[in-house]
1. What list of ³J(HN,Hα) couplings, whole Hz, do you get for region 117-133 from phi and the Karplus terms 6.51, -1.76, 1.60, once you set θ to phi - 60° and write x for glycine and proline?
2. Considering only lysines 8 or more places apart in sequence, or on different chains, count the pairs in the chain whose C-alpha atoms sit under 25 Å apart.
3. At a 1.4 Å probe, what is the % contribution of carbon and sulfur to the accessible area of the chain?
4. Which order do you get for 425, 222 if you rank them by accessible area with a 1.4 Å probe, largest at the top?
5. Nearest 20 debye, what's the magnitude of the dipole of the chain about its Cα centre given +1 on Lys and Arg Cβ and -1 on Asp and Glu Cβ?
6. At a Förster radius of 22 Å, what calculated FRET efficiency corresponds to the Cβ-Cβ distance of residue 268 and residue 159, to the nearest 0.05?
7. Which value, in Å² and to the nearest 10, is the accessible area of residue 311 when all protein chains are kept and the probe is 1.4 Å?
8. Got a number for the accessible area of residue 439? Probe 1.4 Å, square angstrom, nearest 10.
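The values are calculated or read from the model by the stated rules, or taken from the named source; none is laboratory data. No experiment lies behind these values; they were computed from the predicted model shown. Here the Cβ is made from the backbone with ideal geometry for all residues, glycine too, and neighbour counts use every protein chain on show. The accessibility values were calculated without ligands, DNA or RNA, using every heavy atom of the protein model including side chains. Shrake-Rupley method; radii C 1.70, N 1.55, O 1.52, S 1.80 Å.
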Amino acid sequence: MSAPIHAAAAVADLDAAISARLQALDYRDWRAAVEATGGCAAPIHLTGSTTVLDRDGAVLIERGGDVLAPCGNRRAAVCPACSDRYAADAFHLLRAGLAGDQGKDIQASVTDKPRAFLTLTAPSFGPVHTRKTSRRGFVVPCGCGERHHGDDPRIGTARDPEAYDYVGAVLWQAHAGHLWGRFTTALRRALASVLGIRVREFRDHARLSYAKVAEYQRRGLVHFHAVIRLDGPNGPADPCPPGLTDEALRAAISHAAQTATITVARPHGEPMRLEWGTQLDLRPIRPSALAHLEDAAGEFTDAALAGYIAKYATKGTGAVEGADRPIHDIAHVAHLDISPHHRRMIETAWELGDHEPYEVLNLRRWAHMLGFRGHFLTKSHRYSTTFGAIRNERRTWRLAQDLAQLDADTDDPNDIPIDPSTVVVINDWLPVRFGHRDHAERELALAIAERNRQHRTTRSTTTGRAA
Ligand SMILES: [Zn+2]
Ligand SMILES: [Zn+2]
């Protein structure tokens, strides 16, 4: 009986706190600062100053005091605003490598290059609860005999936890990035043999460019979704040697996915072969200009694909909130709101982290990630632009705006506009506090983020562009 009363009281408290915040004297300033972060759910409070000097050292702009900076967290569960920005940046990064981007020095000729989209899966470490549907749409019974509902939290978790190979699963996951490295080496070797050259000569003939995103499956293991493109030896602008066709690329990818392996030792020393799962999803990529071909052949257009992959990059482990930060005390894991399956993976990573041979894997640091140590979006050097470049562009644009404002403010008609590339920016900021003061502030920030998101969706549907 008491739970609903508590819940109602909590809602009333939150309402009261929100209206108090709305009526506070500093509300307008606070709102402007939070809006500048896009409605970040956990902003960083900084104190300090920014000074913009001209080339002679004269101060053009000086701004000091307290500011809010966005947290920059990738995961939607942690910060919707920052994860939206991350997904948008990831989209531009992937799109530039697929379709070209004049502003980012990636020629549109990349669409003529052999390209493929592939998904590499994790192998099986024991039977899990599944929900499959028959061709006619009926739910096929799981191996446990039940027909699982789509929301059943048991889907993807071990059917028999005692028989499931948790040690193998964690060791595979901890080496997944390394296994990807083996895959790219095997791919270069397979492509070199198509050209009839040795693998060490490959660089002189062609270049393998890729971007990949890791996505957690319900069983707590990552899949890699990757865009692979073949360039000439000098990168995106350079044509690929004629022997390397779309078909040759796909055949080489299949071969490399089947042959890439790493052998590691289990805790008691017996060798374990790590490889990719047998499920390999491999598709050609069509330029957006040929979008009408998309559905018929089950192929992706480059724009649709960039959006699709960018979304994966903002997903968490699927272990549900609570496990989104490094674990310092394994006893706390017992109280986290996660499935027994995910808990076993965290505990296994923690235990393995204590074994000397696995020291280099730093598994305790990555236990909350279920052993996965890699980055969520990685790309080869010449694939396209970088996150850093995209952020820099945003910063430069803001500086240019500030300088334009300064020009507008000075009345002297003989003043020449200031060139942003000639100024020196000195940033001197220190973090003093993290996150919002209370639930009320957080709720208001989330509302700002939600409004921004709706605004963007309306805009992109009216202009027909993916955001
Ligand atoms: Zn944020
Ligand atoms: Zn089942």
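1. 10, 9, 10, 9, 9, 8, x, 7, 10, x, x, 10, 5, 10, 10, 10, 10
2. Step by step, the pairs that qualify in the chain add up to 14.
3. Values: 13120 of 25190 Å².
The computed percentage sits at 52.
4. Working: 425 65, 222 0 Å².
I get 425, 222, largest accessible area first.
5. Details: 57 positive and 56 negative charges, 392 e Å.
So the dipole magnitude of the chain works out to roughly 1880 debye.
6. Working: r = 25 Å, r/R0 = 1.14.
The computed FRET efficiency comes out at 0.30.
7. Only protein atoms counted, so the area is about 130 Å².
8. In the full protein context, residue 439 sits at about 130 Å².
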